[in-house]
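These notes concern the structure reproduced below.
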Amino acid sequence: MKRREKTYGEMREEVFRMLHDMYIVAALCRQWGDSGKGKIVDLLAWLWAQVVIRPTGGHNAGHTIVVNGKQIILHIIPSSILHDKRGVVSAIGNGVVLYPKALDEDLNLLKNEGVSFDKLMIALNAKLIMPQHILMDRIKESDPKSGTLGTTGRGIGPAYTDDVARIGLLVNDLLNKDVLYKKIKRNLDDKLKILSFYDPALIRKIMKHEHLENGIYYKGPKKIFDVDAIVERYYQYGKEFGGMIRDVDAFVQKIAGKKRILLEGAQGDLLSFIHGSRPYVTSSDCTAQGMAMGAGLPNWESIDMILGILKAFVMTRVGKGPFPTEIGGARSDKWCNSGADREMEDLKYPHASINSSNPFQQGVALRRKGGEYGASTGRTRRVGWVDLPLARSTSKTSRDKAILTKLDVLDGCETIKICNEYIWKGPRMRFGERILRRGDRLSVAIPYAEFLSHCEPVYTEFPGYGDISEIRSLDDMPKEFKRIYSYVVKKGKIDPKILSVGADRKATIIL
Ligand code: IMP
């Protein structure tokens, strides 16, 4: 049922009512990332925020934004950059690992599209991703014996590891050539010892990769790294970014309680290296706690509202690791982790249907319908039904509210399944004080690979609900939708504040 679109003023009023008297709001994914944060951040920057900070992660994330009707993918700059001209400040916080080449590419894209970035700030104490980090990440991932995680190969883990090991570099080092040289040298001395154990041909291949600027940092099999070339290139980047490198922590502390700040999550709760489904996680704490630290806030109690995004009623995961509700199970996992991309999938499964009785084919069709291919890597995302035991494991405080996204994608799906609990299929195992035995029913997940890999989902099935993309209020939703929605809200103990029924800003219901 088509309704009159709300005006900007009406939508703004609704958001201000929802965030009444609030100054700091976080928007983050409650699942394994890719839940449509880009649209939500853009929407809140358009209607509400004065400052948007990306506090964690690196260019392993990617978000698609639409400029003059054209889609562009940014990797490190917050989605709010489109609102730069309107005075919205976009900042990259101290918890981010920054690969200068990725930032340079984002900036060039914006320049070409005529998008200004005068208000962009980069925290002087954000961490630097160096060529050696990308090399280490890719070496590890190319060795099946070392137990690969299916990382994005962007050097994220090694960069955070160096930071904790106190041998990492910070963004501010780009500004001082002597410091840069000294720190790079010290860091590489450490790496060269480790790299001497690896195949020189593999090292050469990776060092010549386009992510490593096609070999400009490669010195040959013995020395591997051309220190002068790295220093020169990184110093040039420093000159390019110079005016944007700022003390973001001090800025945030100064404006907290005075300006409306939005924290833009990267990845998702289940990928947090502290609270996620370890070991198949990223290397930052992408929960609200980690975001507060990465934004330079004193603690996460400073966040007034946490908008946890759930892609519903189909969720996704990229890379390896258990995914109990995966549609197509092990076959889907294998296919998606084989390097398959959209083109391969279109060629091989052109007729897959979202109502196929073959779950693998159904998964392929749902992925195609939702455009579930990595913005950063092009990888096929594994798709699965919404998992309430996992949702229950992540929502914690009264400040936690929910956003449901991509609700329109299931148009035409005859049966929608929701996982309300698991049956334990593993051997007798202990998880802290809990002892699990075969056949036990479990309603709250422990986001831990050894736990999730033994859980079989129990589904409640619902008839599908058709096209909802033009509906703009919960009251107008078809009864089939309302039935599933009420079930998920009640059983998942979530409190939705926003529903997204399409990519457009206006395809949004604010509750
Ligand atoms: P890394 O962050 O590249 O080290 O990858 C570690 C894991 O996190 C892999 O399973 C990746 O697929 C996953 N991951 C990292 N970034 C994203 C993201 O933005 N969306 C979804 N998954 C991600």
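Scan segment 300-332 for residues that are of a type outside the set (A, V, I, L, M) and in contact with a strand residue (DSSP E or B) (Cβ under 6 Å, 6 or more places away or on another chain) and report the count. Residues meeting the conditions: 12.
Quick check on segment 270-287: of everything there that is crowded, with 24+ Cβ neighbours inside 10 Å and more than 12 Å from the ligand (Cβ to nearest atom), which residue is nearest to Phe462 (Cα to Cα)? So, considering only residues that are crowded, with 24+ Cβ neighbours inside 10 Å and more than 12 Å from the ligand (Cβ to nearest atom), the one nearest to Phe462 (Cα to Cα) is Thr287. Within segment 169-201, the set of residues being aromatic (Phe, Trp, Tyr) and in contact with a helix residue (DSSP H, G or I) (Cβ under 9 Å, 6 or more places away or on another chain) comprises Tyr181, Tyr198. Gly363 - would you say it is closer than 20 Å to Ile418 by Cα and part of a helix (DSSP H, G or I)? Judged against the criteria, Gly363 is a match. Considering segment 411-444, the residues that are at pLDDT below 95 and in contact with a Phe, Trp or Tyr (Cβ under 9 Å, 6 or more places away or on another chain) include one that is farthest from Phe462 (Cα to Cα), namely Phe431.
When you scan segment 344-380, how many residues do you find that are within 16 Å of the ligand (Cβ to nearest atom) and either crowded, with 23+ Cβ neighbours inside 10 Å or aliphatic (A, V, I, L, M) (or both)? Residues meeting the conditions: 4. Considering segment 258-268, and only residues there that are within 15 Å of the ligand (Cβ to nearest atom) and open to solvent by less than 10 Å² (accessible area, probe 1.4 Å), the residue that is farthest from His83 (Cα to Cα) turns out to be Gly268.
Out of all the residues in segment 187-194, is one or more modelled with pLDDT of 95 or more, acidic (Asp, Glu) and part of a helix (DSSP H, G or I)? For segment 187-194, residues modelled with pLDDT of 95 or more, acidic (Asp, Glu) and part of a helix (DSSP H, G or I): absent. Out of Ala375, Ala330, Ala352, one residue alone is part of a loop (DSSP other than H, G, I, E, B) and within 26 Å of Gly153 (Cβ to Cβ). It is Ala375. Suppose the filter is open to solvent by less than 20 Å² (accessible area, probe 1.4 Å) and assigned to a loop (DSSP other than H, G, I, E, B); does Ile509 pass it? For Ile509, the condition - open to solvent by less than 20 Å² (accessible area, probe 1.4 Å) and assigned to a loop (DSSP other than H, G, I, E, B) - is not met. Considering the conditions (1) within 27 Å of the chain's Cα centre (by Cα); (2) more than 16 Å from the ligand (Cβ to nearest atom); (3) assigned to a loop (DSSP other than H, G, I, E, B); (4) farther than 17 Å from Cys29 by Cα, Thr397 is excluded by exactly one of them, (4). Scanning segment 459-476 for residues that are hydrophobic (A, V, I, L, M, F, W, C) and either open to solvent by 40 Å² or more (accessible area, probe 1.4 Å) or under 18 Å from Ala402 (Cα atoms) (or both) yields a single hit, Leu474. Name the single residue that is surrounded by the most Cβ atoms within 10 Å (Cβ to Cβ) among those in segment 446-457 being at pLDDT 95 or above and out of contact with any Phe, Trp or Tyr (no Cβ under 7 Å at 6 or more places or on another chain). This residue is Leu452. The residues listed here are Ser283, Ser272; of these, the one that is over 23 Å from Met121 (Cβ atoms) and in contact with a Cys (Cβ under 6 Å, 6 or more places away or on another chain) is Ser272. Within segment 292-325, restricting attention to residues that are within 16 Å of the ligand (Cβ to nearest atom) and assigned to a strand (DSSP E or B), the residue that is farthest from the chain's Cα centre (by Cα) is Val314. The residues listed here are Asn108, Asn68; of these, the one that is open to solvent by 10 Å² or more (accessible area, probe 1.4 Å) and closer than 20 Å to Glu213 by Cα is Asn108.
For segment 418-434, does any single residue satisfy the condition of being within 16 Å of the ligand (Cβ to nearest atom) and on the phi > 0 side of the Ramachandran plot? Scanning segment 418-434, I find no residue that is within 16 Å of the ligand (Cβ to nearest atom) and on the phi > 0 side of the Ramachandran plot, so the answer is no. The single condition among (1) more than 24 Å from Val96 (Cβ to Cβ); (2) in contact (Cβ under 8 Å) with a residue 24 or more places away in the chain; (3) out of contact with any Ser or Thr (no Cβ under 9 Å at 6 or more places or on another chain) that His211 does not satisfy is (1).
What do you reckon, is Ser500 touching a helix residue (DSSP H, G or I) at 6+ places or on another chain (Cβ under 9 Å), modelled with pLDDT of 95 or more and crowded, with 18+ Cβ neighbours inside 10 Å? Yes.
Considering segment 30-65, and only residues there that are of a type in the set (D, E, K, R) and within 11 Å of the ligand (Cβ to nearest atom), the residue that is least open to solvent (accessible area, probe 1.4 Å) turns out to be Lys37. For segment 241-274, a residue qualifies if it is part of a helix (DSSP H, G or I) and closer than 13 Å to Ala27 by Cα, and exactly one does: Asp269.
The values are calculated or read from the model by the stated rules, or taken from the named source; none is laboratory data. Worth saying up front: this structure is predicted, and the values here are computed from it rather than measured. Cβ: placed from backbone, ideal geometry, glycine included. Neighbour counts: every protein chain shown. For the accessible areas, the whole protein counts, side chains as well, though only heavy atoms, and no ligand, DNA or RNA atoms are used. Shrake-Rupley method; radii C 1.70, N 1.55, O 1.52, S 1.80 Å.
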